[in-house]
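Some notes on the structure that comes next.
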Amino acid sequence: MSFRLISLVIFLPAIIAGLLLFVPRDREELLRRLALGGSLVVFALSLPLYFLYKPVAGGAEALWLLEKPIEWIPAWGVRYAVGVDGISLFLVLLTTFLTPLCILASWRYIADRVKAFMISFLLLEAAMIGTFCALDVFIFYLFWETMLVPMYLIIGVWGGPRRIYAAVKFFLYTMVGSVLMLVAIMVTYFQLPAAERGFDLFAWYQAGVAPHLQIWCFLAFALAFAIKVPMFPFHTWLPDAHVEAPTAGSVILAGVLLKMGTYGFVRFAMPLYPEAARTLAPLLAALAVIGIVYGALVAMVQKDVKKLVAYSSVSHLGFVMLGLFAFNAQGAAGGVLQMVNHGLSTGALFLLVGVLYERRHTRLIADFGGLARVMPAFAAVFMIVTLSSIGLPGTNGFIGEFLVLLGAFEHHRALTVVATSGVILAACYMLWMVQRVFFGTVKHEANRNLPDLNKREWAYLLPIMLFIFWIGFYPQTFLRKMEPSIDHWLTQMNFTATARVDAALPSATEREIDAGPDFVVE
């Protein structure tokens, strides 16, 4: 790309955050409008990436939309190199899509230190997009660590009563994994010949790592990413962070930050250390299935709606990891698509829980009942999002979970059978929660006069509902762009992508690639 559109999408939120520094803090309405308008501009600028991304035949770089690298620290071989492929593209779009919705949802919820909140949120957006676009390992690590600070502030300053505990726990867990990942980065760096040392990701893919070091380096990367996912048993920070974070913090945490862990496995841990990934795949697949069942069972006994949704994230992201470690086209495509699906469905659930909390200042299931009589539109939207989270056919959740289970059954049959119980358990805890909150008689007088959805709330819920049905009925819009990158990702680990996703989706058409309709990565 001659025009640095990707860099503009990465740094424009930070530039807008810098401009907000000059706005008086008592001009709260202006601060909100500028932050919302700026985030919408970033989203608009990110949309052309979908149409510009056209993979062609060739090596690894041919499957990317790249900017020309810039030498930054030549003595260390550090370059500013960014790009997107069919995997990172949709995570970037998910980030830019959810950010303005989060700002809109915080319009009245955040009434204190509005200026600091908007600056923190925009800086967080810049760091997240940078993490997904970085093609230099040093730059990736820089964005990865930068993300910690604004998220720590969002939880610690604008969170609930135990916000400091939750923020510190989030920070410490992530830092422990990050330090070990840094060690693995340096070990890999010094494995390269002295004349060729650098942090270029494509060069690292080609160079490889000594077999006796692969397991240790993979484990260091995997721990950092497993904490972020979070995988069982590294998940304990997540419920606290979700419960204490403000609504926008919970949405962006579930929608985007957790995907940085799954993306890290796809982009770094697995292709950099493929032998170790194949060796440890049964263990990680087993942990993913344990997380699926454990998260569902714990969610079932929660009394707090927000905590229930938080534990459902542990369960749903287990499906993503199971799909990735199936090492075939269906599983990987389902895992990547499920990253996007989870961000939409679970993000919407947190937004809806936030709507309830703004009206009643409680999230306890026992404090509700019969809300469908009082808030019929809200109840209808909540039910639609719930069904998408469960994976009802026709919604986004179904196609992702279907592909994951189809792919995983090929290599992990017993684990897949157990994982399928997670789908049933999800229906149990989600529908039981809906029954107690929305149906029956109105038990509390405080609930009788609750207002239904207003225009602002419709504005940030309708776009998510659109994508819930779009992906549910026509997933090819997304799968066509993903498949070439997923095929190449599989070949990096010496797995031939012979099983096509199209075989599982008879309605899918042939991929449109510049090199011609016969191009398949082998």
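When both region 103-168 and region 287-333 are represented by their alpha-carbon centers, they are found 24 Å apart. Taking Cα atoms only, the orientation of helix 396-411 departs from the longest principal axis of the chain by about 40 degrees.
Projecting the Cα atoms of Tyr311, Ala419, Ala210 onto the charge dipole of the chain (Cβ charges, centred on the Cα centre) puts Tyr311 farthest toward the positive pole.
Electrostatic bookkeeping for Lys306 treats Lys and Arg as +1 and Asp and Glu as -1; over the other residues with beta carbon under 15 Å from its beta carbon, the sum is +3. With protein chains left intact and a 1.4 Å probe, residues in the chain average 36 Å² of accessible area per residue.
If you roll a 1.4 Å probe over the chain with all protein chains in place, what percent of the accessible area is carbon or sulfur?
Working: 12760 of 19040 Å².
Reported share for carbon and sulfur atoms: 67 percent.
The radius of gyration of the Cα set in region 248-407, together with its Dmax, comes out at 16.8, 57 angstrom.
Placing +1 on the Cβ of every Lys and Arg and -1 on the Cβ of every Asp and Glu, with no other charges, gives the chain a dipole of roughly 1660 debye about its Cα centre. Taking a ≥ b ≥ c as the square roots of the eigenvalues of the alpha carbon gyration tensor, region 157-301 is prolate, as a/c is not under 1.5 and a/b beats b/c. Quick check: the angle from helix 329-360's long axis to the longest principal axis of the chain, C-alpha only, nearest 10 degrees? With both axes taken from Cα atoms, the answer is about 30 degrees.
Exposure check, 1.4 Å probe, all protein chains in place: Ser250 carries approximately 0 Å² of accessible surface. Under the convention that each Lys and Arg Cβ holds +1 and each Asp and Glu Cβ holds -1, the size of the dipole of region 95-230 around its Cα centre is about 620 debye. Fraction of C-alpha pairs exceeding 14 angstrom in region 114-190: 65 percent, rounded to a whole number.
The share of Cα pairs per 20 Å bin across the chain, counted from zero up to the longest distance, runs 24, 59, 17, 1 percent. With the charge dipole of the chain set up from +1 on Lys and Arg Cβ and -1 on Asp and Glu Cβ about the Cα centre, the Cα lying farthest toward the positive end among the listed residues Val437, Ala75, Tyr152 is that of Val437.
Can you compute the helix-only [θ] at 222 nm over the chain? Use -39500 (n - 2.57) per DSSP H run of at least 4 residues, normalise by all residues, nearest 500 deg cm²/dmol. Please report the intermediate quantities before stating the final value.
Numbers: 22 runs with 355 residues, N = 522.
My calculation for the chain gives -22500 deg cm²/dmol from helical runs alone.
Longer than 29 Å from Cα to Cα, which of Lys169/Lys306; Lys169/Lys443; Lys228/Lys481; Lys54/Lys115 are they? Say none if no pair is. Over 29 Å apart, Cα to Cα: Lys169/Lys443; Lys54/Lys115.
Projecting the Cα atoms of Ala248, Tyr294, Met260 onto the charge dipole of region 228-303 (Cβ charges, centred on the Cα centre) puts Met260 farthest toward the positive pole.
Is the C-alpha gyration tensor of region 92-132 telling us rounded, prolate or oblate? Criteria: a/c under 1.5 is rounded; beyond that, a/b larger than b/c is prolate, otherwise oblate. Show your work: numbers first, answer last.
Values: a/c = 4.70, a/b = 1.67, b/c = 2.82.
Taking the square roots of the gyration eigenvalues as a ≥ b ≥ c, region 92-132 is oblate.
Using Cα-only point scatterers and the Debye equation, what is log10 of I(q)/I(0) for region 192-233 at each q in 0.20, 0.26 Å⁻¹, rounded to two decimals? For region 192-233, the Cα-only Debye profile gives -0.76, -0.95. Dipole magnitude for region 268-391: about 340 debye, using +1 per Lys or Arg Cβ and -1 per Asp or Glu Cβ, origin at the Cα centre.
Take every pair of alpha-carbon atoms less than 8 Å apart whose residues are at least six positions apart; their mean separation over the length of region 293-444 yields a relative contact order of 34 percent. Histogrammed with a bin width of 5 Å, the alpha carbon distances of region 335-432 distribute as 2, 12, 19, 22, 16, 11, 8, 5, 3, 1 percent, first bin at zero.
Is the shape of region 198-261 rounded, prolate or oblate, going by the alpha carbon gyration tensor and its root eigenvalues a ≥ b ≥ c, with a/c under 1.5 for rounded and a/b larger than b/c for prolate? Each step should come with its number before you reach the end.
Working: a/c = 5.06, a/b = 2.12, b/c = 2.39.
Oblate is the answer for region 198-261, as a/c is 1.5 or above yet b/c matches or exceeds a/b.
The values are calculated or read from the model by the stated rules, or taken from the named source; none is laboratory data. Owing to the predicted nature of the structure, the values given are computational and were not obtained by experimental measurement. Quick reminder, even Gly has a Cβ in these numbers, built from the backbone with ideal geometry, and neighbours come from all protein chains shown. Each accessible area value is taken on the protein alone, full model and side chains, heavy atoms only, with ligands, DNA and RNA left out. Shrake-Rupley method; radii C 1.70, N 1.55, O 1.52, S 1.80 Å.
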